[in-house]
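Taking it in order: structure first as structure tokens, then the write-up.
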Amino acid sequence: MLRTHATKLTSAAILILVLVAWEVLPTALDVPRFIIPTLSDSMIELKRMWTNEGLLGHVTSTALLTLIGFLIGSLLGAVMGYLLGMSTFWEKVLSPYILALQIAPKVAFAPLFIMWFGYNSMPKLLVTVLIVFFPVLVNVLQAMRTVDRDLVNLARAYNLTRMGIFWKVEMPSTLPNLMAGLRIASTLAVIGVTVGELVGGNTGLGYLISYGGGQANAAMVFNAIILLTVIGFVLYAALERIEERVLHYLPKADH
Amino acid sequence: MALEFRHVSKSFGGRDGGSLLAVDDVSFRVEEGEFVSVVGPSGCGKSTILSMTAGLYQPTEGEVLVSEERVTGPNTHVGFMLQKDLLLPWRSIIHNIEFGLESRGVPRAQRRERAMRELAHCHLEGFENHFPYQLSGGMRQRAALARTLAIDPEIILLDEPFSALDAQTKLLLQNSFAGTIKEAGKTTLLITHDLSEAVLMSDRILVLSERPGQIIAEITVDLPHRDKPIKRRLMPEVGDYAAQLFKHLKLEEKAA
Ligand SMILES: Nc1ncnc2c1ncn2[C@@H]1O[C@H](COP(=O)(O)OP(=O)(O)OP(=O)(O)O)[C@@H](O)[C@H]1O
Ligand SMILES: [Mg+2]
């Protein structure tokens, strides 16, 4: 109890320290505000963005695409992971291609998707789905490979069907890895959407970054980056909550 | 007659195409209600014998019969337990005990009733809603026994169920298992490394040779208190039986 209290206090202290440094240092070191704006500069710009640039619409668009892309991508990744995990044959057949696709830089597909689908939400969503897909797939597949053989044999001895074994033994066994994959995926989802928005279109925080950059408006870029971080953070925190619920049966490590 | 091996051999295909003979022409019978132990050097095919009884592997040659029926796959006659408790960590103890009943079409209320009864038999009252990580190793093994008994198998297969436990817990658990099994009147096949455990718990002991496993001796333990190993332990004859096993396994020669 005392420790968590102490960590929270220290974290808060660091945050305050950083904010103060951000406010004071640029002026003290004579850094011009178009290079590094201070905290108050950024706040003033934030207010301007809210009234003049329709900030709410941009934030909503980015957050929504992040969430939808994350949901679709991880659902596809998990389903594919479980299917391949149940079939050694298809896993062996497809694994070189999966590896190749996993290595290929997914964000580089963004311009292609824009060529194919135009300046709308589709390319952003596709990049996000693609980038989210692999960590979930790989984590699930890895977990399916390492399910305890003896547990599966026990289930067989109890006359469970193939599907029974999947739902009652394999699927729950892989939950910790699935959750770990989802956490990684949630941070990548924000990157996917941002890249999509950077490359094309006129909505979203990624767009504001490239727009602000073009205008030498560093404060706008700062604000957009912070808001993107907040979106990713909220998604990650929500997943952590869910994970705590779902994996309640794992003994908690006492640090 | 509850279990019979008729000239059973089992070989496994190796990676390089060659095959490895794990069990070689093994024949034995276990009568109903009998407690038989199998001892032998590591890797001699003990676990393989157990897996063939459970129907997880098919013999390469010969046949395995349980209750006069040829074993062709996993079946409802046998329940098995390993050194690992194999409890599902995401299920509470009572749900773990019910696990084997779920695929057998036992209605929910009846499942719960049977699980609660076995929970009591295995002295785990009050722990039904705990999760496996909240139990000690010995308690987890008792929960695994309760799960095995819940499906009411004709034969119980035990593969070194006590070997991961400390000496005291082991003794208490052997005692509690022996009592529970005797009371339930179950036919039991126990695989073990521990020679004195075999003497303390069995009616009969089969000794296997080095791989490929063949039965080299069969010893009938003619002592009382099969249901109370702690009592049997105090009898001087126990040492003689253990020494006999010792000799069959040629442990002295190996040590030299
Ligand atoms: N599924 C398998 N595939 C290939 N070889 C196997 C398989 N299972 C067992 N074997 C081999 O068969 C032999 C007997 O194995 P088994 O597990 O039955 O030994 P064991 O007597 O139980 O040994 P231990 O006392 O160490 O548990 C070993 O040489 C093992 O390598
Ligand atoms: Mg073994």
- [ ] Only Cα pairs under 8 Å and at least 6 apart count here; give the relative contact order of the stretch B:1-114 as a rounded whole percent.
- [x] 24 percent
- [ ] Please average, across the residues of B:143-152, the number of beta carbons from any other chain that are within 10 Å of each residue's own beta carbon, and give a whole number.
- [x] 1
Task: For the protein assembly as shown, share of DSSP beta bridges that run antiparallel, in % to the nearest 5 - done: 55 percent
Open item on the list: Using 0.36 nm times the number of residues separating residue B:133 and residue B:216, minus their current alpha carbon distance, what extension gain do you get?
Closed with: 25.7 nm
Task: Cα extents of the protein assembly as shown along the three principal axes, largest first (Å) - done: 96, 56, 53
- [ ] Please list the non-local residues whose amide H lies under 5 Å from the amide H of residue B:191, H modeled 1.01 Å from N, same-chain partners needing a gap of 5 or more.
- [x] B:38, B:158, B:159, B:160
- [ ] Partner chain Cβ atoms within 10 Å, averaged over the residues of A:8-16 - can you pull that number for me?
- [x] 0
Open item on the list: Of the candidates A:226, A:131, A:16, which one comes out as most mobile in a Gaussian network treatment of chain A with C-alpha springs shorter than 10 Å?
Closed with: A:16
Open item on the list: Pick from B:46, B:231, B:84 the residue whose mean-square fluctuation is largest in a GNM of chain B, springs joining Cα atoms under 10 Å.
Closed with: B:231
- [ ] Report the residue, chosen from B:32, B:68, B:118, that carries the largest GNM mean-square fluctuation when chain B is represented by alpha-carbon nodes joined by springs under 10 Å.
- [x] B:68
- [ ] Would you please give the FRET efficiency between residue A:23 and residue A:242, computed as 1/(1 + (r/R0)^6) with r the Cβ-Cβ distance and R0 = 35 Å, to the nearest 0.05?
- [x] 0.45
Open item on the list: Could you sort the peptides B:141-148, A:63-70 by per-residue average Cβ neighbour count (10 Å cutoff), highest mean leading?
Closed with: B:141-148, A:63-70
Open item on the list: Quick check: Cα centre of the stretch A:132-174 to Cα centre of the stretch A:32-96, how many Å?
Closed with: 30 Å
- [ ] Shielding by partners for B:109-119, please: the mean number of other protein chain Cβ atoms within 10 Å of each residue's Cβ.
- [x] 0
TODO: Taking the Cβ of residue B:193 as the centre, find all other residues whose Cβ is under 11 Å away and add up their charges (Lys, Arg: +1; Asp, Glu: -1).
DONE: -3
Open item on the list: Counting only other residues whose beta carbon sits under 13 Å from that of residue B:170, what net charge do I get with K and R as +1, D and E as -1?
Closed with: -2
TODO: May I ask for the net charge around residue B:42, where only other residues with Cβ less than 15 Å from the Cβ of residue B:42 are counted and Lys, Arg are +1 while Asp, Glu are -1?
DONE: 0
TODO: Report the FRET efficiency, 1/(1 + (r/R0)^6), for residue A:103 and residue A:35, where r is their Cβ-Cβ distance and R0 is 30 Å, rounded to 0.05.
DONE: 0.25
- [ ] Please list B:104-110, A:230-236 highest first by mean number of surrounding beta-carbon atoms within 10 Å per residue.
- [x] A:230-236, B:104-110
- [ ] Would you mind computing, in nm to one decimal, how far apart the modelled labels at residue B:6 and residue A:233 are, each placed 7 Å from Cα along Cα→Cβ?
- [x] 7.4 nm
- [ ] Output the pairs from B:46/B:250; B:46/B:84; A:92/A:252; B:186/B:228 with a Cα-Cα distance over 26 Å in this structure; if there are none, say none.
- [x] A:92/A:252
- [ ] Please turn the phi angles of the stretch B:39-51 into ³J(HN,Hα) values with the Karplus equation 6.51 cos²θ - 1.76 cosθ + 1.60 (θ = phi - 60°), one per residue in order, whole Hz, x for glycine and proline.
- [x] 10, x, x, 4, x, 8, x, 5, 5, 5, 4, 5, 5
Open item on the list: Along its three principal axes, how long is the stretch B:88-152 when you only count alpha carbons? Whole Å, largest extent first please.
Closed with: 31, 23, 17
Task: J(HN,Hα) series, the stretch A:242-249, from Karplus relation 6.51 cos²θ - 1.76 cosθ + 1.60, nearest Hz, glycine and proline x - done: 4, 4, 4, 5, 5, 9, 4, 7
Open item on the list: With just the Cα atoms defining each centre, how far is the stretch A:205-225 from the stretch B:183-251? Give it in Å.
Closed with: 79 Å
TODO: Principal axes first, then extents: for the Cα atoms of the stretch A:35-246, list largest minus smallest coordinate on each axis, whole Å, largest first.
DONE: 68, 38, 25
- [ ] Please work out how much length the chain gains when fully extended from residue A:252 to residue A:83, using 0.36 nm per residue of separation minus the C-alpha to C-alpha distance, in nm with one decimal.
- [x] 57.7 nm
Open item on the list: Between residue A:116 and residue B:120, what is the label-point separation in nm under the 7 Å Cα-to-beta-carbon projection?
Closed with: 6.5 nm
TODO: Please say if chain B is rounded, prolate or oblate, where rounded means a/c under 1.5 for a ≥ b ≥ c the square roots of the C-alpha gyration tensor eigenvalues, and otherwise the choice is prolate for a/b larger than b/c and oblate otherwise?
DONE: oblate
Task: Calculated [θ] (222 nm, deg cm²/dmol) that DSSP helices of n ≥ 4 give over chain B, each run adding -39,500 (n - 2.57) - done: -11000 deg cm²/dmol
Task: the stretch A:4-18-the stretch B:15-49 distance, computed between alpha-carbon centres (Å) - done: 63 Å
Task: Other-chain or far-sequence residues with amide H under 5 Å of residue B:2's (modelled H) - done: B:30, B:31, B:32
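Read-outs throughout are calculated quantities, based only on the coordinates presented, and are distinct from any laboratory measurement. Model, not experiment: these values are computed from the prediction. All Cβ positions, even for glycine, are placed from backbone atoms using ideal geometry, and neighbour counts span all protein chains on display.
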